Amino acid sequence: MPLLVLVTLLLFIAPPHRPISAEPPPGEAIVGRVCTLCHTLERVDTRRLDAKGWEALVNKMTEFGAQLSQAERRDVVAYLAATQGLQVLKAYVINEESQDVWVIDVATKRVLAKIPVGKLPHGISISPDGKRLYVTNMASDDVTVIDITTNSVIMTMGSVGRNPHESAVSPDGTFLYVTNPSSNLVSVHDMRRHSVVAVVPVGRVPHGIALSADGTRAYVANMESNEISVIDTSTNQVIATIPTQAGPHRLAATRDGKRLYVINSTSNQLSVVDLTKNQVALKVLVGHSPYDLAVGAGDTVVWVSNEGSNDIWAVDGSTGQILAVVPVGGGPHGIAITPDGKELWVVNINANTLSVVDTASRKVLATIPVGKRPHLVVITP
Ligand code: HEC
């Protein structure tokens, strides 16, 4: 085995490591009166359960001493299943300086929980089944694994190489791909055993990583070598390299597998890569210091956050036409779109806020305070 590969591998063998209506539903008042007798409502807020789960939990509370008639119990279960059911969408914001993840209810815009993570958290990815969240901590060289149902930390996973930057999860949730910019590597982790299964050398200073919808390819943006490494996930080998504009950073593949959208931070450009030819088909000048992107439901509209010009641009990915410019708060950074494509959630790293943008009217609907130096945001599927 060549020495360089051996040394590289050794790096990874570190020690392990409410809906609002005119008439409030009857359950709401009962929850406010009875469920606050022994603890605060924040305790109730931590859980997302279906009707069966809420029934079991409310029964447990009656055993603890909660006074509820049969009818009241039914009303409480109906109310909680509707407002805190499994289908409730949640946004997760990672804050670099306060070193935590804030959980926000997408419908009510209320903060549900704050979860402490590792040092200098930088990347956040969500498993496609919506069960797990992975936070890459650049300064503590580990990944915080969070259970989305309970909003609690399951484990801190070590052996992820130096300065883990960003990550992506395979469609079935089995593999986690982590970029290591200081060693020009991508490490692949089997999340059933939390162990490294491959270390893939890529270009210089890999940052963003995205998987194809079918999970057969991983695309890695190499900021210093101005190219995308294409990894075949069945062999964990680089099978192609696609030159882009200067400073490729964050990227996303379309659901139909035909295109890859790449944000080039240093050259202020969006590259549209034709994946049938593995080459850039279109380059579009966007705002200053673009940082992140979100792809609209139809795969064509690309929303770009521009940290330097404090705005969000909507770009037509097939023609390069600029469809809209929406001013937001200071330093728009990470951006995510709701599954129905109706709202964009954008974190403003300099203002410590999150802007919610309506994609139809292209107006800011709400501005929510978040932690210190919010970096990225993801929304549950
Ligand atoms: C008589 C006191 C009492 C009342 C009233 C009460 N609880 Fe609790 N609750 C507790 C205790 C004690 C715990 C902690 C038990 C534990 O951690 O397993 C708890 C914990 C919880 C938890 C966290 C449990 C978990 O598994 O995460 C939730 C959620 C909760 N209560 C919901 C409710 C709701 C909803 C109501 C109103 C229907 C309610 N509680 C009323 C005593 C009460």
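Some observations on this one:
- Considering only VAL106, ALA253, ILE209, and ranking their Cα positions along the charge dipole of the chain that arises from unit charges at the beta-carbon of Lys, Arg, Asp and Glu, the one farthest toward the positive end is VAL106.
- For the pair SER195 and GLN87, a Förster radius of 35 Å applied to the C-beta separation gives a FRET efficiency near 0.55, rounded to the nearest 0.05.
- Length-normalised contact order for region 26-83 - Cα pairs under 8 Å, 6+ apart - percent: 58 percent
- Cα shape, region 26-83, gyration tensor, a/c 1.5 rule: rounded
- Residues whose amide H falls under 5 Å from that of SER140, counting only those 5 or more places apart or on a different chain, are LYS119, with hydrogens built in the peptide plane.
- Potential extension, GLN321-THR36 segment - 0.36 nm per residue separation minus Cα distance: 97.2 nm
- Computed over neighbours whose Cβ is under 14 Å from that of LYS131, the net charge equals +1, Lys and Arg +1, Asp and Glu -1.
- Cβ-Cβ FRET estimate between ALA297 and ALA366, R0 fixed at 30 Å, reported to 0.05: 0.90
- Under 12 Å, Cα to Cα: Lys pairs in the chain, sequence gap 8 or more or different chains: 4
- Cα gyration tensor shape for region 18-161, rounded if a/c is under 1.5, else prolate or oblate: prolate
- Charge tally around SER187: other residues with Cβ under 15 Å, Lys/Arg +1 each, Asp/Glu -1 each, net -2.
The numbers here are math on the coordinates, done by the rules we state, and not lab data. Predicted model only: the values in this text are computed from it and were never measured. Don't worry about glycine lacking a Cβ; one is built from the backbone with ideal geometry, like all the others, and counts go over all protein chains shown.
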